Amino acid sequence: MRKIAILGATGSIGASALDVIARHPRDFRASVLAAHRKVDELVALCVRFQPDLAVIADEALETTLRDKLATAGLSTRAAGGMAALNEAVAGDLCDTVIAAIVGAAGLESTLAAARAGKRLLLANKESVVMAGALLLDAVHAGGGELIPVDSEHNAIFQCLPGGRPELGAAGVRRILLTASGGPFRGRKRADLTTITPDQACAHPKWNMGRKISVDSATLMNKGLEVIEAHWLFGAAAAQIEVVVHPQSLVHSLVEYADGSVLAQLGNPDMRTALAHALAWPQRIDAGVTPLDLIRSGALQFEAPDRDTFRCLDLAYQALQTGGTAPTVLNAANEVAVAAFLEGSLPFLAIPELIEATLDAISAEPVAGVEHLLHTDLTARQTAQRKMQQGFC
Ligand code: NAD
Ligand code: MG
């Protein structure tokens, strides 16, 4: 019986993970559930899954959580704040951690799980973008394992030989990351001047949280995933190519020196990647509708439109610059996306704000987690200031 901590239990990945866990009650138990502020949703999940511990990241809500758990007659303990979350992740209550908090807020708990040697199921791509080398070091030092849950990286993991091979020695030539193209595929800049948050969040293939939905619409999601692939698989930027595939059935591919290209296919449903990562190296039912290739029809592949969706190249540039540049990219993107979702920044200004922030902050070699957290904060403040100054 594996004991699973789900960080971001009230989110989209959290729901998919709990669905898979509920299908296998003899193999998996949700022992720790954590959320940001949605106490009622967290308590409802506790009623259903009876975890040992529920953690609300906003410390001010700890008492409310405790009272509501007691009123519901549950023996689930309550905790509040990020320190409590990091402690729970590192402790005996879990052996597997699903890192599914959105954004840089997930960095410290992801690192805590890695250091503690847990099986780390990584959905929180922002943490590997910010702190790729530190995270891999922490996994190594902790003696646990990291299994990617992001569907593309999970696909690549499945297409590579076992273990974490050196790509050259394994005969890998390139990694092909597929992208749906998002809701605005085929549109040009002139068509994107009045995009609303709801339009940007209406993803054609995946039902996800709002931040990653906007990232998919700008192609920053793919940019973050290029950086993620660099760290997770030791691939140079030039070895990672993005291919737009609107059907979202091929989740990514690995090209080998002999000309073989291995792909992982399936219906677009995050439960496949989560079930794979939970059970690896076994295979279990994920509740996903089987792929019917005859009904799904033709599969298309095309080049991304890098002029319209500039975030992709900004991410490649940050990867090539290295050091703290990806942390700045990520922080500026989080500020820009939040402002866009609030209605205070136009869609097309998202890459402009990121670029202006990257230009304002020189990249430095990464000195440690504190340095990255400081860089993250500085980049957020810079991006906010630039917005107030009407940078564009
Ligand atoms: P979501 O917005 O649906 O859920 C986010 C979760 O994080 C919620 O449970 C929320 O309570 C929690 N959270 C937010 N801020 C927090 C904070 N400051 N402290 C603690 N908890 C906090 O997001 P999602 O779509 O589930 O995405 C989660 C992560 O997984 C993101 O990093 C995203 O890029 C990644 N991911 C998501 C998908 C997907 O299909 N949804 C696919 C691949 C990767
Ligand atoms: Mg993905």
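The values are calculated or read from the model by the stated rules, or taken from the named source; none is laboratory data. Note that this is a predicted model, so its numbers are computed, not measured. Cβ placement follows ideal geometry from the backbone for every residue including glycine, while neighbour counts extend to all protein chains displayed. These area figures cover heavy atoms from the full protein model, side chains too; ligands, DNA and RNA do not enter into them. Shrake-Rupley method; radii C 1.70, N 1.55, O 1.52, S 1.80 Å.
With +1 on each Lys and Arg Cβ and -1 on each Asp and Glu Cβ, how big is the dipole of segment 101-230 about its Cα centre, in debye rounded to the nearest 20?
For segment 101-230, the charge dipole is close to 340 debye.
For a label point 7 Å from the Cα of Arg283 along Cα→C-beta, name the residues of segment 135-160 whose backbone N is under 17 Å from it.
Answer for segment 135-160: 154-160.
Which percent, nearest 5, of DSSP beta bridges in the chain are antiparallel?
So the antiparallel bridges in the chain amount to around 25 percent.
Note down the relative contact order for segment 206-285 as a percent, whole number, built from C-alpha pairs under 8 angstrom at least six residues apart.
With pairs under 8 Å counted, the relative contact order is 17 percent.
Restricting the calculation to Cα positions, tell me the Rg (one decimal) and the Dmax (whole number) of segment 125-197 in Å.
Calculated on Cα positions, Rg and Dmax stand at 17.4, 51 Å.
Percent of accessible area on segment 250-294 owned by carbon and sulfur, 1.4 Å probe?
Taking all protein chains in place, segment 250-294 shows 57 percent carbon and sulfur surface.
Taking a label point 7 Å from the Cα of Asn207 along the Cα→Cβ vector, which residues of segment 1-21 have an amide N closer than 15 Å to it?
From segment 1-21, the list is 11-20.
Pairs Lys205/Lys386; Lys222/Lys386; Lys3/Lys125; Lys68/Lys222; Lys118/Lys386; Lys188/Lys386: which exceed 32 Å Cα-Cα?
Lys205/Lys386; Lys68/Lys222; Lys118/Lys386
Considering only His203, Pro290, Gly144, whose Cα is most displaced toward the positive end of the charge dipole of segment 137-293, charges sitting on Cβ of Lys, Arg (+1) and Asp, Glu (-1)?
Of the listed residues, the answer is His203.
With a 1.4 Å probe and every protein chain left in place, tell me how much accessible area Leu160 has, in Å² to the nearest 10.
Leu160 has an accessible surface of roughly 20 Å² with all protein chains in place.
Which three numbers, in whole Å and largest first, are the semi-axes of the equivalent ellipsoid of segment 14-60 derived from its Cα gyration tensor as √(5λ)? All intermediate terms of the calculation are to be shown ahead of the outcome.
Details: eigenvalues 83, 20, 15 Å².
After diagonalising the Cα gyration tensor, the semi-axes are 20, 10, 9 Å.
Filter the chain for me: DSSP H helices, axial length by Cα at least 20 angstrom, mean Kyte-Doolittle hydropathy not below 0.0. List them by residue number.
125-142, 325-342
How far apart, in nanometres, would the label points at Asp198 and Ile294 be if each is projected 7 angstrom from Cα along the Cα-to-Cβ direction?
A separation of 4.1 nm, rounded to one decimal place.
Rounded, prolate or oblate, given the Cα gyration tensor of segment 37-99, with a/c below 1.5 counting as rounded?
Values: a/c = 1.85, a/b = 1.28, b/c = 1.44.
Cα axes put segment 37-99 in the oblate bin.
FRET efficiency for Asp67 and Met1, Cβ-Cβ distance as r, R0 = 30 Å, nearest 0.05?
The computed FRET efficiency comes out at 0.50.
Once you keep just the Cα pairs under 8 angstrom separated by 6 or more residues, what percentage relative contact order results for segment 231-351?
Answer for segment 231-351 is 21 percent.
May I ask you to rank His36, His245, His140, His230 by accessible area, largest first, using a 1.4 Å probe over the protein chains only?
His140, His36, His230, His245
Given Cβ point charges of +1 (Lys, Arg) and -1 (Asp, Glu) and nothing else, what value in debye, to the nearest 20, does the dipole of the chain about its Cα centre take?
That gives a dipole near 700 debye.
Place the peptides 144-154, 181-191 in order of packing, highest mean first, counting for every residue the other Cβ atoms within 10 Å and averaging per peptide.
Ranking the peptides 144-154, 181-191 by packing returns 144-154, 181-191.
Could you report segment 248-361's accessible area per residue, 1.4 Å probe, as an integer in Å²?
Averaged over the residues of segment 248-361, the accessible area is 43 Å².
Can you give the charge dipole size of segment 242-392 about its Cα centre, rounded to the nearest 20 debye, using +1 on the beta carbon of Lys and Arg and -1 on the beta carbon of Asp and Glu?
That gives segment 242-392 a dipole magnitude of about 260 debye.
Could you tell me the distance between the Cα centroids of segment 148-219 and segment 72-145, to the nearest Å?
23
So what's the back-of-envelope 222 nm ellipticity for the chain, counting only DSSP H runs of four-plus at -39500 (n - 2.57) apiece and dividing by all residues, rounded to 500?
Rounded to the nearest 500, it is -14000 deg cm²/dmol.
Among rounded, prolate and oblate, which fits the chain when a ≥ b ≥ c are the square roots of the eigenvalues of its C-alpha gyration tensor, a/c under 1.5 means rounded, and a/b larger than b/c means prolate?
Note, shape of the chain comes out rounded.
So for the chain, averaging the separation of alpha carbon pairs under 8 Å that are six or more residues apart and normalising by length, what relative contact order in percent results?
Here the relative contact order equals 14 percent.
Amide H to amide H, which residues 5 or more places from Arg77 or on other chains are under 5 Å from it, using H placed in the peptide plane?
Hits under the 5 Å cutoff: Leu53, Ala54.
How many nm is it between the label spots at Glu364 and Asp313, if each spot is 7 Å from the Cα in line with the beta carbon?
Spacing of the two 7 Å Cα→Cβ label points: 3.0 nm.
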